[in-house]
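Asks: Below: one structure in structure tokens.
The values are calculated or read from the model by the stated rules, or taken from the named source; none is laboratory data. Treat the numbers as computed from the prediction; the structure is a model and nothing was measured. Note that we place each Cβ from the backbone using ideal geometry, even for glycine, and neighbour counts take in every protein chain shown.
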Amino acid sequence: MNLVTISGPPSSGKTSVILKTIESLKKQGLKVAVAKFDCLYTDDDVLYEKAGIPVKKGLSGALCPDHYFVSNVEEITNWALKNEFDILISESAGLCNRCSPYIKGIKAVCVIDNLSGINTPRKIGPMLKTADIVVITKGDIVSQAEREVFASRVNTVNPSAIIMHINGLTGQGSFELSTLLYEEVLNIDSLKGMELRFPMPAALCSYCLGETRIGESYQMGNVRKMKVEE
């Protein structure tokens, strides 16, 4: 079985890209399942079910979605292995742009849209900088010049990635992505012992543990202060 991790900012078009790509994978006779990770709410699992795609949904609630993903991805992978799927696609939203949900040796895809702003690629951390493939969506809404400039900014922060343009509405470009996701069969049998490509956002402070009061006397643990000149 192959595992593919797909992430990106909220509303960048991840689910639409995945649905169109799975259509192409199914035409190749492959069995595909999806694991959807989010924070408070998602109805994307309904879209997958309507398309006849097996899906598991997980909501992290008050926890960091990246930490929640790593805590559950092994169990999700074991579920997919037991059901003998050819590909398991893990989808998660990078809500803080510092997320790093990629695993060494596992195909990593970042989805980002042209409408997010010309400087957005520089604002996204490991989620974009360590991806194998960067998918740019919503290119039909902007001009050709804007598409090229945005793609150039993406290439600046991640020069080693394959950059693709996909239309989530028509599916244009999704077939090419499907060929890249299954160009080599990894035959994963377990994720135990595998490593992340980049350390996750680090924080263990009083606010992580439920503190709501403001003030230095209430702050403890991993706290970083700004240098403010008087």
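Asks: Residues that are surrounded by fewer than 22 Cβ atoms within 10 Å (Cβ to Cβ), of a type in the set (Lys, Arg) and in contact with a strand residue (DSSP E or B) (Cβ under 9 Å, 6 or more places away or on another chain): does the stretch 36-56 have at least one?
Replies: yes
Asks: Hey, any hits in the stretch 188-203 for a residue that's among the aliphatic types (A, V, I, L, M), at pLDDT below 90, touching a Gly at 6+ places or on another chain (Cβ under 9 Å) and exposed (fewer than 12 other Cβ atoms within 10 Å of the Cβ)?
Replies: There is no residue in the stretch 188-203 that is among the aliphatic types (A, V, I, L, M), at pLDDT below 90, touching a Gly at 6+ places or on another chain (Cβ under 9 Å) and exposed (fewer than 12 other Cβ atoms within 10 Å of the Cβ).
Asks: OK, next. Within the set of pairs 6+ apart or on separate chains, which have a first residue in the stretch 210-230 that is in contact (Cβ under 8 Å) with a residue 12 or more places away in the chain, a second that is surrounded by 10 or more Cβ atoms within 10 Å (Cβ to Cβ) and polar (S, T, N, Q), and C-beta atoms under 7 Å apart?
Replies: Cβ pairs passing all conditions: 218/206; 219/206; 220/206; 221/206.
Asks: Specify the residue that is nearest to residue 13 (Cα to Cα); the eligible residues are those in the stretch 79-113 that are among the charged types (D, E, K, R) and not in a helix (DSSP H, G or I). So that I can check it myself, show each step before the final result.
Replies: Within the stretch 79-113, the subset among the charged types (D, E, K, R) is 82, 84, 86, 91, 98, 104, 107, 113.
Narrowing the set further to residues that are not in a helix (DSSP H, G or I) leaves 84, 86, 91, 98, 104, 107, 113.
Numbers: 84: 28, 86: 24, 91: 11, 98: 19, 104: 24, 107: 19, 113: 7 Å.
Of everything passing the filter in the stretch 79-113, 113 is nearest to residue 13 (Cα to Cα).
Asks: Sticking with this one: Give me a count of the residues in the stretch 153-197 that are more than 20 Å from residue 136 (Cα to Cα) and among the β-branched types (Val, Ile, Thr).
Replies: Residues that pass the stated criteria total 2.
Asks: Name the residue that is nearest to residue 209 (Cα to Cα), counting only residues in the stretch 60-78 that are assigned to a helix (DSSP H, G or I) and free of Cβ contacts under 8 Å to residues at least 24 places away in the same chain. Quick ask: steps written out before the conclusion?
Replies: First pass over the stretch 60-78, keeping only residues assigned to a helix (DSSP H, G or I): 65-78.
When the remaining residues are screened for being free of Cβ contacts under 8 Å to residues at least 24 places away in the same chain, the result is 71, 75.
Numbers: 71: 18, 75: 26 Å.
Checking each candidate, the answer is 71.
Asks: How many residues does the stretch 119-141 hold that are within 16 Å of residue 163 (Cα to Cα), in a loop (DSSP other than H, G, I, E, B) and aliphatic (A, V, I, L, M)?
Replies: Count: 2.
Asks: Listed residues 93, 62; which is surrounded by fewer than 16 Cβ atoms within 10 Å (Cβ to Cβ) and among the small types (Gly, Ala, Ser)?
Replies: One residue alone meets the criteria, 62.
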